[in-house]
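Data block below; observations after.
The values are calculated or read from the model by the stated rules, or taken from the named source; none is laboratory data. Here the structure is a predicted model, which means the values were calculated and not measured. Glycine gets a Cβ as well: all are built from the backbone with ideal geometry, and neighbour counts include every protein chain shown. Surface areas here come from the heavy atoms of the whole protein model, side chains and all, with no ligands, DNA or RNA. Shrake-Rupley method; radii C 1.70, N 1.55, O 1.52, S 1.80 Å.
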Amino acid sequence: MSSPIKRNISLVGDAQFTGIELTHAKDFAAGFPGIKVALQHTFKEMGALEALGTLSKMNQKEGFDCAGCAWPDPEKPSKLGEYCENGAKALAEEATYEKVDADFFKKYSVEEISTWSNFKIGKSGRLTQPMLLKENSVHYEPIRWETAFSMIANHLKTLKSPDEAIFYTSGRSSNEAAFLYGLFVRAFGTNNMPDCSNMCHESSGVALSETLGIGKGSVKLEDFDMAEVIMVIGQNPGTNHPRMLSALEKCKMNCGKIISINPLEEAGLIKFKDLQSLSGITQGTSLTDIHLQVKINEDVALLKLILKKLAHLDKSGEKVFDHAFIETYTQGIEDLLKDLDHYSESELLERCGVPEKAIDRAVSILAKKNKIIICWAMGLTQHKNGVDNIKECVNLLLLKGSLGKPGAGTCPVRGHSNVQGDRTVGIMHHVSTELNKTIERVFGFIPPDKEGLDTVKALEAMHEGRSKIFIGLGGNFVSAVSDTQYAAEAIQNCELTVQISTKLNRSHLVTGKTALILPTLGRSEKDHFEGKDRFLTVENSMGQVHRTKGVLKPKSEHLKSEPEIIGGIANAYFNDGHPVDWAGLGTNYDSIRKKMSRDFEGIRICPKGF
Ligand code: SF4
């Protein structure tokens, strides 16, 4: 038996960044440049007519949900178009006619493709059929679905313990696919379900659960219209959630104030040109009233300084805090005020690096208002003290009574379009006794009660050879985690890696000894089965679940939906020897939804976080 070859895989490609020009910083987002880029990308990949037709269905009630991010859609989506430049780019990548098929993989080895830049790999096109990378090969070759399912099942059966397998979820998977995946993983016998939340809003979930009892945001989109103050902290909506700028614009039009806290002043928070309004065609709408340019990761110092100044005003009789709310709904204010006393204003000022004048202007606005929304993203969460960052935000809202009422509350803005939904339906490495009891009652098997591995622990387990199989439901795991080198060594240590994906990315090149690619339908594609078009559901950043139904002809007849793929793997593994009808659930999404809504309604899925 020859020893496995060592594939020579580049982790970053050898693209040289040439021709980078330094231009003046932009002072507005969207506008004609935004629409130009959106149409350029979609027209190039889809042709003008199909592009315009499909864009008109994006984020519409009868249409499909944009996979670009988790920003919610308004109750009445604009008929002129409810998408941004990023959404259009995400659609163009999914709806391209470029194909990564058997001929592509015959022509290009994984070693050669790995030398390309991530951009070029991503632009190679859609995956069209199941592909196998054998242990001693550098070229993927076609494999039949059934053979692929059996191969995965056989590999899983070789493991000494179910904990030798890792089941990763990226936040683009639908609620139905994620529910079925979580069910299968538990039926298989492990809670090893790392997911992309571990790398983005995990600290939000933990901080909000520990302070407010629920790990999700409390506001709805319409609250933005009623807010007196919106604080945008450690977030760049102009680049990551562009349609949020419309909500900020509405707040401004209703005389609300915007305070942004960020080491960088972002164009999107300076001015927004919404072409669906007259001002957007002309001068645009200025958004931020006060920008507090905080030093990196000194948000806690700045927020404590703001709280100290507000406490001082309140003590001097200015009725800044909502004492009725504090008395009725909170506890621990004495400890908070004592904690603030530990810090001197000069020390906090020094640490945060923000001019005191600017802070005082922000404090004078916050002192008079109590309909306050605080929005945040990775600038707050991706720090060792991420949980503390968010707790200080909650402290401010509680002192002002800005929770549980219109125009006020918490707003962690999620990246992946269904990252919150995946958690809600059970993708979680922690154990919930309540969930396990319900699964036992409804599905007739006893789920494992041993804590699973999150992303960091899963990487360590693969790197140390304790886990041998990695299955990825969407995503680009190797490039998503912060230490690419360590992640690559961990993944390449696996016997088998499986990626359920729509388009090519670096995680199809940095693989285990044997690798499988299982191509799935994109969000914009029709999911036709037994004569009818099926729909799926997703949950946005504000906890609203809505349906998504594709409109385009699938790019290949060989594609399967994510639930079908999971049902196929589970069915091959259990071989009908299990109380759950995996193949049935995999094809009949209504039956999954019925179970979720009837049997799991109100079940606390996550003991900690969310
Ligand atoms: S804001 Fe997000 S969800 Fe909305 S169109 Fe843009 S990328 Fe898509």
Violations at 29 Å Cα threshold for listed pairs Lys36/Lys553; Lys89/Lys405; Lys44/Lys532; Lys308/Lys384; Lys44/Lys553 -> Lys89/Lys405; Lys44/Lys532
For 540-547, 298-305, 106-113, 475-482, ranked highest to lowest by mean beta-carbon neighbours within 10 Å, the order is 298-305, 475-482, 540-547, 106-113
Per the helix-only model, the chain has a calculated mean residue ellipticity at 222 nm (DSSP H runs of ≥4, -39500 (n - 2.57) each, divided over all residues, rounded to the nearest 500) of -11500 deg cm²/dmol
With all protein chains in place and a 1.4 Å probe, Cys393 shows an accessible area in Å² (nearest 10) of 0
Once all protein chains are kept in place, Tyr140 shows an accessible area at probe 1.4 Å, nearest 10 Å², of 10
Note on the chain: the mean projected area of its alpha-carbon convex hull, in nm², is 28.3
Of the residues Pro74, Gly13, Ser137, the Cα lying farthest along the dipole of the stretch 1-140 towards its positive end, which is defined by charges on the beta carbon of Lys, Arg, Asp and Glu, belongs to Ser137
So the angle from the long Cα axis of helix 31-46 to the longest Cα principal axis of the chain, reported in degrees to the nearest 10, equals 10
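Tell me the net charge near Asp223. Cut-off is 12 Å between Cβ atoms, Asp223 excluded, with +1 for each Lys or Arg and -1 for each Asp or Glu.
+1
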Over 26 Å (Cα to Cα) among Lys123/Lys549; Lys106/Lys157; Lys123/Lys220 -> Lys106/Lys157; Lys123/Lys220
For the chain, averaging the sequence separation of alpha carbon pairs under 8 Å that lie six or more residues apart and dividing by its residue count, the contact order in percent is 23
Measuring from its Cα centre, the chain shows a charge dipole (+1 at each Lys and Arg Cβ, -1 at each Asp and Glu Cβ) which, in debye to the nearest 20, is 900
Farthest towards the positive end of the dipole of the chain, among Ser173, Asn395, Pro554 and with Cβ unit charges of +1 on Lys and Arg and -1 on Asp and Glu, lies the Cα of Pro554
In the stretch 390-448, taking the dipole from +1 charges on Lys and Arg beta carbons and -1 charges on Asp and Glu beta carbons about the Cα centre, the listed residue (Gly407, Leu435, Thr424) farthest towards the positive end is Gly407
Nearest 10, in degrees from 0 to 90: the angle of helix 356-368 to the longest Cα principal axis of the chain is 90
